[in-house]
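Undergrad: Can you keep this structure in mind? I'll have questions shortly.
The values are calculated or read from the model by the stated rules, or taken from the named source; none is laboratory data. From a predicted model like this one, the values you see are computed outputs, not experimental measurements. Glycine gets a Cβ as well: all are built from the backbone with ideal geometry, and neighbour counts include every protein chain shown. Areas reflect the complete protein model, heavy atoms only, side chains present, ligands, DNA and RNA absent. Shrake-Rupley method; radii C 1.70, N 1.55, O 1.52, S 1.80 Å.
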Amino acid sequence: MLREILKWARRVVRPAGRAIAFLAIPAATVLISLVIGARAQNLPDSGSTSGNIQQILQGLNGQSTGTTDQSVGSPNGQIIIHQTSPQAGPAPVSRLEQILSSRAGVNLKQFGYDQLGAGRDVLVPQTGAVTDDYILGPGDQIDLSLRGQENSEFRAVVDRNGRVILPRLNPIMAAGRTFGDFRAAVTAAAQRAFISTQVFVSVAQLRQISVTVAGDVNNPGVRFVTGLSTVVDAILLSGGVDKTGSLRNVKLIRAGQQRSIDFYAYLTQCGNQSPGLLSYGDRIVVPALGATVAATGWVRRPGIYEVAPGTRGMSVRSLIALAGGTEVRSHYRLSILRTSANGSSRLVGTSSEGALVNDSEILFVQPAGEETVQNATLSGATPLAGVYSVGKVANLSDVLSAPGALG
């Protein structure tokens, strides 16, 4: 490319005079500078401007340093944060699954790892209003629209000091405040500065934050997410929780304070807590897997389940409920495969749903004998053939005397 530009400059200079030479040489210099700059930036010589800007943004986000291979796409006005190092296939069978499956005689899988044990991309919708409980922080972009005696549009960014500076208004603190509180403060300040003017405040673009994911995840490291991302999003971007990691005792560490999150509350659709939104500098730690029990037989969701943190087992009633309950309402025979201290196993029957299933033990739920009582069956060449309740029809003659019973 440089040689072609120099040849072009020589062809222009030779037939032209000095005046033209003074114009051709600077033009060639500008072209050479553009080519060198493009190659130094590692950008293509031709292409869309948006593609070049996207590469520059990725470099500014630290993606060129090798700390993470996350990438961001934005089709249809939505941001997609791609996971790091996608897995080639499903997670292999764990040693725990092999051992308990061998004891139970059927294949058992660890509960929850089909949803949270593998990573996937996270979609950040850019449509719809931000809720009032969203916590603002440095980097959030705010749109302010004034309608009335004053008609204007402003866009401001929450600066590093946590303030938003708008024309003709005093700086307003935003970092650490909810969006609803900040909107009320901006509305009050604008109404004092402008007469007969309505104020409309919205979040134009979410800030980007970095969090650290550590422990038993497939790809630990630093993750770049948005202000609307949760603990689940960060774990999915890290390849999911490894089968050696806990789903019931995930730690969220923020400003020296630690909080435990139980993912079983969401996997079983009975969650009573919210994981909350992430903040800059949060640390997510997935500890090792705790004690586990298993359920098999006539339950809706046979599998291996982790017990609550700090406990060594759970009751039969709680385990059946965690396994989705029994398939049909009936009388069942309950047995627990107990493990002795010397390593031997024995099957123990129980009739109490309050019995404790300890670590590494298996609950068998099998149907007991079924019997139908107080009924009689009429069969043969009669249109009234079928099953009759003995309580309502006491004599055979009552059935045979009905019109058309004998044809």
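Undergrad: Would you point out which residue out of Ser330, Ser335, Ser360, Ser352 is small (Gly, Ala, Ser), part of a strand (DSSP E or B) and farther than 23 Å from Tyr266 by Cβ?
TA: On the way: Ser330 fails: part of a strand (DSSP E or B); Ser360 fails: part of a strand (DSSP E or B); Ser352 fails: part of a strand (DSSP E or B).
Sole residue among the options that is small (Gly, Ala, Ser), part of a strand (DSSP E or B) and farther than 23 Å from Tyr266 by Cβ: Ser335.
Undergrad: So, of the residues in the range 210-221 that are of a type in the set (A, V, I, L, M) and out of contact with any Ser or Thr (no Cβ under 7 Å at 6 or more places or on another chain), which turns out to be least open to solvent (accessible area, probe 1.4 Å)? Give the steps one after another, and end with the answer.
TA: Here is the first cut: in the range 210-221, the ones of a type in the set (A, V, I, L, M) are 211, 213-214, 217.
Okay, now just the ones that are also out of contact with any Ser or Thr (no Cβ under 7 Å at 6 or more places or on another chain), so 211, 214.
On the way: Val211: 2, Ala214: 31 Å².
Per the stated criteria, the residue is Val211.
Undergrad: Restricting attention to the range 360-407, and to residues there that are at positive phi and at pLDDT 65 or above, which single residue is surrounded by the most Cβ atoms within 10 Å (Cβ to Cβ)?
TA: Taking the range 360-407 as the starting set, the residues that turn out to be at positive phi are 360, 374, 380, 386, 404, 407.
Next, only the ones that are at pLDDT 65 or above stay: 360, 374, 380, 386.
Details: Ser360: 20, Gln374: 9, Gly380: 6, Gly386: 11.
Among residues in the range 360-407 that are at positive phi and at pLDDT 65 or above, the one surrounded by the most Cβ atoms within 10 Å (Cβ to Cβ) is Ser360.
Undergrad: Only one of these is over 26 Å from the mean Cα position of the chain (by Cα), farther than 28 Å from Ser102 by Cβ and hydrophobic (A, V, I, L, M, F, W, C): Val250, Val348, Val328. Name it. Spell out the reasoning first.
TA: Working: Val250 fails: over 26 Å from the mean Cα position of the chain (by Cα); Val348 fails: farther than 28 Å from Ser102 by Cβ.
Sole residue among the options that is over 26 Å from the mean Cα position of the chain (by Cα), farther than 28 Å from Ser102 by Cβ and hydrophobic (A, V, I, L, M, F, W, C): Val328.
Undergrad: Can I ask one more? Is the range 310-325 home to any residue that is aliphatic (A, V, I, L, M), within 18 Å of Gly117 (Cα to Cα) and open to solvent by less than 30 Å² (accessible area, probe 1.4 Å)? Show your work before the answer.
TA: From the range 310-325, those aliphatic (A, V, I, L, M) are 314, 316, 319-323; that's our starting set.
This time we only want the ones that are within 18 Å of Gly117 (Cα to Cα), so: none.
No, that holds for no residue.
Undergrad: Among what's in the range 202-224 and is modelled with pLDDT of 90 or more and among the β-branched types (Val, Ile, Thr), pick the residue that is farthest from Tyr134 (Cα to Cα).
TA: Only one residue tops the list, namely Val217.
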